[in-house]
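Here is the structure we will look at.
Read the figures in this text as sums done on the coordinates, not as results from a lab. In this text the structure is predicted, and so the values were computed from the model without any measurement. Reconstructed Cβ throughout: ideal geometry from the backbone, glycine too, with neighbour counts over all protein chains shown.
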Amino acid sequence: NGSRCSYVMIFNDEGQLFVQKRVDFKETYPSFYDPAPGGVVGHGEPYEENAAREIEEEMGVTGVALKREFDFQFRDETSHVWGRLFSCTYNGPFRLQESEVASAHFMDIEQVKDLIDSGIVCPDSAQA
């Protein structure tokens, strides 16, 4: 069956990607890094509306233009996701949701690739 999920990559003007570290008590992928935060899309809710709401709730990001990148499918032992990836440019400030995000900062793309290679990135976001 599967869930519809939105994902958002947030870049700054220098082309660095904003990466959050999930809290250690998250049910799925605790303490993993997430370079494309987002969430499960509600029934009848448009992907873009969900993406905008999620980045506002988790990081306090508002008033950005979301660019649709592509749709993808992710499946592992525990989940099946129909994802839509968006991107935006935003330099801050951020207001992190303490119940979701342990820490977050901008990283160079090569640093993000190293994190993905080390296996400590949420696999659905890594695929996106």
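A few notes on this one:
- Separation in nanometres of the label points that stand 7 Å from Cα toward Cβ, at GLU56 and VAL23: 2.1
- Dipole magnitude of the chain about its Cα centre (Cβ charges: Lys, Arg +1; Asp, Glu -1), debye to nearest 20: 200
- FRET efficiency for the ARG68 to HIS43 pair, using the beta carbon distance and R₀ = 22 Å, is estimated at 0.60.
- The mean of 1/r over all pairs of different alpha-carbon atoms in the stretch 3-127, once inverted, gives a Kirkwood hydrodynamic radius of 14.5 Å.
- Spacing of the two label points (7 Å from each Cα toward its C-beta) at ARG75 and HIS105, in nm: 3.9
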